[in-house]
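A quick write-up on the structure given underneath.
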């Protein structure tokens with residue numbers, strides 16, 4: 001696919017090598033670049049960059065980090081392999097180089113794949129075949145872009161895994177998803193705990209049942225004791241009240257008799 005039989009090693013001025021317009025990697029750590037620049041200064045560039053030529057202009061195919069480090073090191077020209085490949089092949093090489101070296105985070109990979117799909121105007125199945133990936137792997141990568149840019153930034157900032165991100169995709173409600181994400185970050189939850197939190201948040205809540213309260217035996221005893229206390233209070237006041245109780249399997253019957261005429265005992 002990449003025409004490996006048509007390669008040529010040359011030295012090219014650094015300033016004449018144009019960036020790869022399909023470069024999927026967007027973030028380059030300054031500390032890593034400075035470290036690589038120092039190594040290049042002391043030992044030279046051990047691995048040439050790869051470029052393609054189009055209308056007399058050299059476009060970078062692979063080696064963006066090396067090219068940047070060479071510029072930091074102050075090199076005027078560097079070894080380069082000229083590959084006679086097509087622009088779309090250049091995009092594939094750039095993506096595969098970064099994926100194989102794990103230089104891209106999950107969302108950069110997903111964006112690169114989507115850009116390739118748009119440029120090629122092909123199905124995910126065909127793209128997966130050309131990239132040497134399974135279709136499910138590619139589809140799962142692309143699905144990550146359903147998370148908002150703010151959520152993506154938080155996930156990368158707090159170094160959450162791709163499995164964390166996939167778990168969050170189960171939550172369609174944006175506000176709820178953001179609350180769960182903040183909880184995961186604040187508590188430092190692992191993937192298993194994150195999945196448990198999400199499952200609990202998505203569990204349907206039982207509706208509140210309205211209606212008459214069902215009293216338990218403890219409540220009944222409380223009411224009977226209240227009646228007994230009331231009768232005792234009347235007796236203390238000189239009222240010869242009486243109470244009778246009868247209990248069946250279905251109910252408890254309490255009868256209180258209060259005389260209409262009474263004499264207070266002195």
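The values are calculated or read from the model by the stated rules, or taken from the named source; none is laboratory data. Everything numeric here is computed off the predicted structure, so don't read it as measured data. Reconstructed Cβ throughout: ideal geometry from the backbone, glycine too, with neighbour counts over all protein chains shown.
Scanning segment 119-130 for residues that are modelled with pLDDT under 80, in a helix (DSSP H, G or I) and exposed (fewer than 13 other Cβ atoms within 10 Å of the Cβ) turns up just one, 119.
Going by the structure shown, is residue 47 over 24 Å from residue 152 (Cα atoms), in contact with a helix residue (DSSP H, G or I) (Cβ under 8 Å, 6 or more places away or on another chain), at pLDDT below 85 and surrounded by fewer than 20 Cβ atoms within 10 Å (Cβ to Cβ)? Considered against the rule, which asks whether it is over 24 Å from residue 152 (Cα atoms), in contact with a helix residue (DSSP H, G or I) (Cβ under 8 Å, 6 or more places away or on another chain), at pLDDT below 85 and surrounded by fewer than 20 Cβ atoms within 10 Å (Cβ to Cβ), residue 47 comes out as yes. Within segment 131-144, the set of residues being in a helix (DSSP H, G or I) and surrounded by 16 or more Cβ atoms within 10 Å (Cβ to Cβ) comprises 131, 138, 140, 141, 142, 144. When segment 50-61 is filtered for residues that are without any contact (Cβ under 8 Å) to a residue 40 or more places away in the chain and under 14 Å from residue 79 (Cα atoms), the ones remaining, listed by number, are 51, 52.
Before we move on, is residue 255 in a strand (DSSP E or B) and either modelled with pLDDT of 80 or more or exposed (fewer than 13 other Cβ atoms within 10 Å of the Cβ) (or both)? For residue 255, the condition - in a strand (DSSP E or B) and either modelled with pLDDT of 80 or more or exposed (fewer than 13 other Cβ atoms within 10 Å of the Cβ) (or both) - is met.
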